[in-house]
1. Go through (1) within 23 Å of Val33 (Cα to Cα); (2) aliphatic (A, V, I, L, M); (3) open to solvent by 60 Å² or more (accessible area, probe 1.4 Å); (4) at pLDDT 90 or above one by one and return the number of the condition Val144 breaks.
2. Tell me the residue from Thr62, Thr84 that is modelled with pLDDT under 90 and either among the hydroxyl-bearing types (Ser, Thr, Tyr) or surrounded by 14 or more Cβ atoms within 10 Å (Cβ to Cβ) (or both), please.
3. Scan segment 75-97 and tell me whether some residue there is in contact with a Ser or Thr (Cβ under 6 Å, 6 or more places away or on another chain) and in a strand (DSSP E or B).
4. Which number in (1) at pLDDT 90 or above; (2) on the phi < 0 side of the Ramachandran plot; (3) surrounded by 14 or more Cβ atoms within 10 Å (Cβ to Cβ) marks the one condition that Asp56 misses?
5. Only residues that are in a helix (DSSP H, G or I) and under 14 Å from the mean Cα position of the chain (by Cα): list them for segment 98-110, please.
Amino acid sequence: MGEEINETLNKQCSEPASATNVEENGETVEGGVKYYTLEEVRVHNMSHDTWLIIHDKVYDITTFLEEHPGGEEVLLEQAGADATESFEDVGHSTDAREMLQQYFIGELHMDDRRRLAEEAQDTNSGESSSWTMWLIPAIAAIVVGVMYRYYMFEHKSS
């Protein structure tokens, strides 16, 4: 019996890692979780077939569209894309987060997770530059205002 187990382990270890339990078009790994690429998710962006990515998890929310308290248009705007930021900005309740689990169909592929993280990082660096675009004029306006008040105060006293 011990020899049978050793033979089975040797066979499994001798196979390449990529050959163990993987399917094409939505890979499935040993845990049973299906992985979807960003391209696969982007195709599902219609009212009769709606998928979202939230926190690197893929959800098929087609049957939920009419039930959504904020209206189906809000969900359709994000359909086939990463809706994490929009989902968090709204401030969904714990009940809404629990309800989301019933629509879970898989996770985003690891390569696409990295790609989305890089895109988000690029977006954040762009936001910081736009932040400085309004900060500098605001500081300049404050300085001009203080100088004007000082000048007017000095002019009145003379």
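The values are calculated or read from the model by the stated rules, or taken from the named source; none is laboratory data. As the structure is a computational prediction, the values presented were derived from the model and not from experiment. Cβ atoms come from the backbone with ideal geometry, glycine included; neighbour counts cover every protein chain shown. Remember, those area values only see protein heavy atoms, side chains included, never the ligands or the DNA or RNA. Shrake-Rupley method; radii C 1.70, N 1.55, O 1.52, S 1.80 Å.
1. (1)
2. Thr84
3. No: zero hits.
4. All conditions are met except number (2).
5. Met110, the sole residue that qualifies.
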